[in-house]
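The block underneath contains the structure these notes are about, expressed in structure tokens.
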There are 2 protein chains.
Amino acid sequence: MNTHALLRQLVQKNGSKIVMYVADGLGGLPQQPGGKTELETAKTPHLDRLASEGVLGGSIPVAPGISPGSGPGHLGLFGYDPIEFLIGRGALEATGIGFKLEEGDVAIRANFCTIDAQGLITDRRAGRIATEESTPIVERLAKEITLDGVEVIVRPVKEHRFVVVLRGSGLVGNVHDTDPQATGVPPLMAVAKDAASQKTAKICDEFVAQVRKLLAGEKKANCCTLRGITGKPSIPSFEDVYGLKAAAIAVYPMYKGLASLVGMDIIGEAQTLDEQIDALQGVWDDYDFFFIHFKYTDSTGEDGNFEAKVKRTEEYDAAVPRIMALKPDVFIATGDHSTPSMLASHSWHPVPTLLWAKNCRCDASRAFGERECVTGGLGQFEAKHLMTLALANAGRLAKFGA
Amino acid sequence: MNTHALLRQLVQKNGSKIVMYVADGLGGLPQQPGGKTELETAKTPHLDRLASEGVLGGSIPVAPGISPGSGPGHLGLFGYDPIEFLIGRGALEATGIGFKLEEGDVAIRANFCTIDAQGLITDRRAGRIATEESTPIVERLAKEITLDGVEVIVRPVKEHRFVVVLRGSGLVGNVHDTDPQATGVPPLMAVAKDAASQKTAKICDEFVAQVRKLLAGEKKANCCTLRGITGKPSIPSFEDVYGLKAAAIAVYPMYKGLASLVGMDIIGEAQTLDEQIDALQGVWDDYDFFFIHFKYTDSTGEDGNFEAKVKRTEEYDAAVPRIMALKPDVFIATGDHSTPSMLASHSWHPVPTLLWAKNCRCDASRAFGERECVTGGLGQFEAKHLMTLALANAGRLAKFGA
């Protein structure tokens, strides 16, 4: 029996409120060995106070040494085993532009490419065509392509990337990529991985055939390849597994999309952290669980900008009093992964995690930082257990076994 | 391969002695955040000395955030995955009154109820009839009910609760409960969950029919429902998996029962901790492994009595010198779960654990308490790994692989 099966048996409802306040890419590295990380450098008086009253630990997003993308990172935080619950690239790309997939949809990440007169690929990414140039081409495809008995939705992403969603009955998304990963050869035909996906494969080929016809006169992008052809991920909802009515308050489409995949309601159109907390106040009485996503600790880390990440961490801390003023029963501050500015990328390092609740068994920590988390009372734990801890601390789990 | 399969390959016998000294519900919480827990408050000079010579850690009974009952709590300590090895309610109830289930038995937790002239339930618990009144009724059932080709054993538990054990060939215990969880409706018929359990279901219905007939004139309890209909759990024995001849020295029937389910011999009829240690001395030469169960750290915790739990913890500590005088090779002090008096219930918090052995790699700990355990050398670990650590420290495990 897995944890979700167990939790379904144990969850009980009460009026408690849980806040999961996520600083994307929160964990970091010092600029010199022995120095302070971004979080340790930042002045975070509010989180430090909660650290002294609460319990700290290090969250391992997937497994030791594994650097996750945003998909597995958030799924782990939401209590889903990120290796079991995979989100296909097509579905993640659609989710990332804020597209809401429906049951039975097949989502595809498409790349513009160029082919020569013989139909052989000359550039797999169409020279990384500028977004301003690719967007009108995508719009033309969206307008002109029609497929027999299947609705086709085409949306721009960035540069050579776009998203295709097929909607109709009998579509299954187990189809191989058509990108041959080489030039001088033609794009591959779409090959179904199982009998149920043959209809989808046929439609994919028809789609590409129409693209070639429509774009025959285009210099910069006259064909496309299809990747990550996948159905809507089958993920049980927060309500279903945890009995929680959950609200997501995020600025960026990717995180709204990930939250909606687990059945959270997406609240408001906030563009700043302050507006996010306004939105939180507005729906406080209507939900049990609140996911608040703060992006800029990750983007500054990705930029390799240590000082900027420190500042953004201070901004993240400064919003804490407004959240705590709402008197949540359980408050969690964490990240979906580490993004050390010294690496300018996502990393595998455990993510500093703070859990504050009335009966959390406070540890000796006095500040929120990577080193304090190593000796914190939560120890190092797989991120997927965090939701169980949140529910336990909220008094929402019955005893297991007599 | 699971851990048991691995251990079966690696276990080797020697003359070593392992003591697992369990204080039920040992872990606690401070009365104020930052304060001392019951264990930290208690004067435990003997355990503190062993802590400074040994290694500490936090045992997670089932999974982070899960509060276990006594069944899963002890199975974890005994090295059995408490989610994989479930003990059905009927079996646990029979075990809890000290009844020794045999292979092929079906155990049932029964509740007296009242029904009206139409056979509709008027009270699912027969007004929580007093034990003094229900016991003679159970004794009457035990005497008068006879079932075709099946031995039936009926034993009182408490108030409206009693235990029924069916013994005979061809009985399988996958049968749905007959309690409709509502009044104004008749009790349910027993429905088998699989073909093999149909005989059991039929016998259950016949049992209830006889109960109704016999109790037709009873005012306070004239019918019963059956719950948790289950076979004897299929649990490999200590001897089988670990190659250990194991003795259990407990006062309460529930813990004797749990120990007997994993094949331990139940030693003596001790009523006090001192008598338990007498029993331990008496069988020291006859066994490899000794489980000593101390109940009162849990019961005082359940009572919400911080001071009483502190005193009971000191009593638990005071018996340590007599145990150590026997010179065990491995000594473990731990609990099956936490029972913080602040919560007056079992909880999910990691359980303070002390392992003392010649080569245990002593850590920096100087006292036995929750905070010391957080930074102890065993880290935080799932309880099911403790037996492997015990065997290793006893020199009872060969190297894995060449």
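Here are the numbers:
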quantity	calculated
Residue match in the range B:119-137 (condition: under 21 Å from B:GLY69 (Cβ atoms), touching a residue at least 60 places away in the same chain (Cβ under 8 Å) and out of contact with any Asp or Glu (no Cβ under 7 Å at 6 or more places or on another chain))	no
Residue in the range B:50-70 that is part of a helix (DSSP H, G or I) and within 14 Å of the chain's Cα centre (by Cα) present	yes
Any hit, the range A:223-231, residues being under 22 Å from the mean Cα position of the chain (by Cα), within 24 Å of A:ALA23 (Cα to Cα), buried (at least 21 other Cβ atoms within 10 Å of the Cβ) and in contact (Cβ under 8 Å) with a residue 24 or more places away in the chain	no
Residue within the range A:343-356 that is under 24 Å from the mean Cα position of the chain (by Cα), within 14 Å of chain B (Cβ to nearest Cβ), in a loop (DSSP other than H, G, I, E, B) and more than 23 Å from A:ASP278 (Cα to Cα) present	yes
Top-ranked residue of the range A:357-402 - restricted to ones that are assigned to a helix (DSSP H, G or I) and of a type in the set (Asp, Glu), ranked as nearest to the other protein chains (Cβ to nearest Cβ)	A:GLU372
Residue check, B:ALA110 touching a residue at least 12 places away in the same chain (Cβ under 8 Å), in contact with a Phe, Trp or Tyr (Cβ under 6 Å, 6 or more places away or on another chain), part of a strand (DSSP E or B) and of a type outside the set (Ser, Thr, Tyr)	yes
Within the range B:37-49, considering residues that are assigned to a helix (DSSP H, G or I) and in contact with a strand residue (DSSP E or B) (Cβ under 8 Å, 6 or more places away or on another chain), the one farthest from the other protein chains (Cβ to nearest Cβ)	B:LEU47
Single condition B:SER67 does not satisfy, out of (1) touching a Ser or Thr at 6+ places or on another chain (Cβ under 6 Å); (2) more than 10 Å from chain A (Cβ to nearest Cβ)	(2)
Unmet criterion (only one of (1) at pLDDT 95 or above; (2) surrounded by fewer than 16 Cβ atoms within 10 Å (Cβ to Cβ); (3) over 30 Å from the mean Cα position of the chain (by Cα)) for B:ASP148	(1)
Test result for B:GLU93, under 17 Å from the mean Cα position of the chain (by Cα) and within 13 Å of another protein chain (Cβ to nearest Cβ)	yes
Residues satisfying the stated conditions in the range B:176-202, i.e. of a type outside the set (D, E, K, R) and either touching a residue at least 60 places away in the same chain (Cβ under 8 Å) or outside the structural domain of B:ARG109 (by TED's automatic domain parsing) (or both)	B:ALA182, B:THR183, B:GLY184, B:VAL185, B:PRO186, B:PRO187, B:THR200
Search result, residues across the range B:343-363 that are crowded, with 24+ Cβ neighbours inside 10 Å and out of contact with any strand residue (DSSP E or B) (no Cβ under 7 Å at 6 or more places or on another chain)	B:TRP348
Residue in the range B:323-342 that is surrounded by the most Cβ atoms within 10 Å (Cβ to Cβ), counting only those that are within 13 Å of chain A (Cβ to nearest Cβ) and more than 16 Å from B:ILE60 (Cβ to Cβ)	B:SER341
Positions within the range B:241-259 being in a helix (DSSP H, G or I) and buried (at least 19 other Cβ atoms within 10 Å of the Cβ), in sequence order	B:VAL241, B:TYR242, B:MET254, B:TYR255, B:LYS256, B:GLY257, B:LEU258, B:ALA259
Failed criterion for A:VAL320 (all others in (1) β-branched (Val, Ile, Thr); (2) within 12 Å of chain B (Cβ to nearest Cβ); (3) under 25 Å from A:PHE290 (Cβ atoms) hold)	(2)
Test result for B:GLY28, facing chain A (nearest Cβ under 10 Å) and closer than 28 Å to B:GLU307 by Cβ	yes
Condition check for A:THR3: among the polar types (S, T, N, Q) and within 12 Å of another protein chain (Cβ to nearest Cβ)	yes
Verdict on A:ARG155 being on the phi < 0 side of the Ramachandran plot and surrounded by fewer than 17 Cβ atoms within 10 Å (Cβ to Cβ)	no
Test result for B:GLY58, closer than 25 Å to B:VAL262 by Cβ, at pLDDT 95 or above and within 13 Å of chain A (Cβ to nearest Cβ)	yes
Residue identified as within 20 Å of A:LEU77 (Cα to Cα), part of a loop (DSSP other than H, G, I, E, B) and of a type outside the set (Ser, Thr, Tyr) among A:GLY217, A:GLY263, A:GLY268	A:GLY263
Residue within the range A:253-266 that is closer than 30 Å to A:PRO186 by Cβ and modelled with pLDDT of 95 or more present	no
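The values are calculated or read from the model by the stated rules, or taken from the named source; none is laboratory data. Since the model is a prediction, treat every value here as computed from it, not as a measurement. Virtual Cβ from ideal backbone geometry, glycine too; neighbours counted across all protein chains shown.
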